[in-house]
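Enquirer: One structure, pasted below without further comment.
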Amino acid sequence: MSLMSHQQRVLENRLRLLFDELDNHLEDKFKGIYNLHPNRPPRGKAARVAYDGLFSTGTKFTLGIGSEYGRGYLVDVEVSTLEKVDPEMRSAIDQAAFDFLKENLPKHFPKRDLKVVKDGQLYKIIGDFSLSIID
């Protein structure tokens, strides 16, 4: 039995779909820049895109205590490689993720006022996460 409400499940599922699209976008854009971690399946070989390929994307909810923007969903983009990730390349990956989310958040959440912001060294999705909104 799930403790999550139907509205919360809908919100979380929409976020997961958005981040699956982000994962695919990054895989396409940065294909071949690093060797895949030996314990990680190649792209398209796992049940979910977050579990294979070079990138793993997702969100983590935070109350945002001490944050300029408060509560929201932290954007998590991991690069699954044993190679050292160049800081400039890491910055390019983060910027590509930011640009993608900025463009695609309104498509996935048309009735919500959501935006992606840089909060310190992290990116965060902030805005109206009210469960009373039916998307």
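Enquirer: Kindly indicate whether residue 20 is at pLDDT 90 or above and closer than 26 Å to residue 126 by Cβ.
Expert: So residue 20 fits the description; yes.
Enquirer: Hey, residue 98 hits all of (1) in contact (Cβ under 8 Å) with a residue 40 or more places away in the chain; (2) surrounded by 14 or more Cβ atoms within 10 Å (Cβ to Cβ) but one; which does it fall short on?
Expert: Of everything listed in (1) in contact (Cβ under 8 Å) with a residue 40 or more places away in the chain; (2) surrounded by 14 or more Cβ atoms within 10 Å (Cβ to Cβ), residue 98 misses just condition (1).
Enquirer: What are the pairs, 6+ residues apart or on separate chains, where a residue within the range 25-36 that is in a loop (DSSP other than H, G, I, E, B) has its Cβ under 7 Å from a residue that is of a type in the set (Asp, Glu)?
Expert: Partner pairs satisfying both residue conditions: 34/83; 35/83.
Enquirer: So, in the range 77-91, how many residues would count as being touching a residue at least 12 places away in the same chain (Cβ under 8 Å) and either farther than 16 Å from residue 24 by Cβ or in contact with a Pro (Cβ under 9 Å, 6 or more places away or on another chain) (or both)?
Expert: Residues in the range 77-91 being touching a residue at least 12 places away in the same chain (Cβ under 8 Å) and either farther than 16 Å from residue 24 by Cβ or in contact with a Pro (Cβ under 9 Å, 6 or more places away or on another chain) (or both): 5 in total.
Enquirer: If you go through the range 56-82, how many residues are within 22 Å of residue 114 (Cβ to Cβ), within 11 Å of the chain's Cα centre (by Cα) and not hydroxyl-bearing (Ser, Thr, Tyr)?
Expert: 6
Enquirer: Another question, if that's okay. Filter the range 41-82 down to the residues that are surrounded by 13 or more Cβ atoms within 10 Å (Cβ to Cβ), on the phi < 0 side of the Ramachandran plot and assigned to a loop (DSSP other than H, G, I, E, B) and list them by number.
Expert: Result: 41, 43, 46, 52, 54, 67, 69, 71, 80, 81.
Enquirer: Quickly run through the range 84-117 and pick out the residues that are over 18 Å from residue 11 (Cα atoms) and either modelled with pLDDT under 95 or in contact with a His (Cβ under 9 Å, 6 or more places away or on another chain) (or both).
Expert: Answer for the range 84-117, where residues must be over 18 Å from residue 11 (Cα atoms) and either modelled with pLDDT under 95 or in contact with a His (Cβ under 9 Å, 6 or more places away or on another chain) (or both): 96, 97, 100.
Enquirer: Got at least one residue in the range 32-48 being out of contact with any Pro (no Cβ under 7 Å at 6 or more places or on another chain) and under 28 Å from residue 129 (Cβ atoms)?
Expert: yes
Enquirer: In the range 1-40, how many are under 23 Å from residue 60 (Cα atoms), among the aliphatic types (A, V, I, L, M) and surrounded by fewer than 16 Cβ atoms within 10 Å (Cβ to Cβ)?
Expert: The total comes to 5.
Enquirer: Here's something else I'd like to know. The conditions are (1) surrounded by fewer than 16 Cβ atoms within 10 Å (Cβ to Cβ); (2) hydrophobic (A, V, I, L, M, F, W, C); (3) part of a helix (DSSP H, G or I), and residue 85 fails exactly one of them. Which is it?
Expert: Result: residue 85 passes all but (3).
Enquirer: A further question follows. Any idea which residue in the range 103-120 is nearest to residue 91 (Cα to Cα), counting only those that are touching a residue at least 24 places away in the same chain (Cβ under 8 Å) and surrounded by fewer than 13 Cβ atoms within 10 Å (Cβ to Cβ)?
Expert: 120
The values are calculated or read from the model by the stated rules, or taken from the named source; none is laboratory data. Remember, predicted model here, so these are calculated numbers, not experimental data. Every residue, glycine as well, gets a Cβ built from its backbone with ideal geometry; the counts of neighbours run over all protein chains shown.
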